[in-house]
1. What residues of segment 23-53 lie in the reach of a label at R103, counting those whose backbone N is under 17 Å from a point 7 Å from the Cα along Cα→Cβ?
2. Can you tell me the relative contact order of the chain? Whole percent, Cα pairs under 8 Å, sequence separation 6 or more.
3. Listed here are the pairs K85/K116; K9/K33; K3/K39; K9/K29; which of them are more than 32 Å apart at the Cα?
4. Any idea what % of Cα-Cα pairs in the chain are farther than 17 Å?
5. Between R95 and D38, what FRET efficiency follows from the Cβ-Cβ distance if R0 is 35 Å, with the result rounded to 0.05?
6. Averaging the inverse of every distinct alpha carbon separation and then flipping it gives the Kirkwood radius. What is it for segment 21-95, in angstrom units?
Amino acid sequence: MNKAALFDKIEGEQFRKGAENFNVGDSVKVHTKVVEGDKERIQIFSGVVMGIRGRGLNQTFTVRRISYGEGVERIFPTHSPRVEKIEVERAGSVRRAKLTYLRGRIGKGAMAVKEKDPVTTGAAK
């Protein structure tokens, strides 16, 4: 067995089974496991997905939220065992792969991402 096949086999076991479908611009809730001493609890970080980078096991995504008037960004590995689940609250419609322009905005404009329109059929009103 060559190295590439061996790496693929090992990585295949590490992938998250229920792959969440989210994109840049979506508002998400990321449920993470936090260990405090001997106790473990779930902590929720909600915000807008600013960017996705990497592929395979190395894929990460950045989530930004405004907390007490300050912008807070966290980078999460997509296939980490510490990430319990990812809920999509609202699907966003953006034209960029990275939403770094949100860093310069303040107030309500910092979270302003247009909501994705539901798909309409050919039969109009």
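Values quoted throughout were computed directly from the atomic coordinates according to the rules given, and no laboratory measurement underlies them. Because the structure is a prediction, the values reported are computed rather than measured. In this analysis, Cβ positions are derived from the backbone assuming ideal geometry, glycine residues included, and neighbour counts consider all displayed protein chains.
1. Flagged as within label range: 25, 48-53.
2. 25 percent
3. Check vs 32 Å cut-off fails for K3/K39.
4. Value for the chain (Cα pairs over 17 Å): 64 percent.
5. Given R0 = 35 Å and the Cβ-Cβ separation, E is 0.15.
6. 13.0 Å
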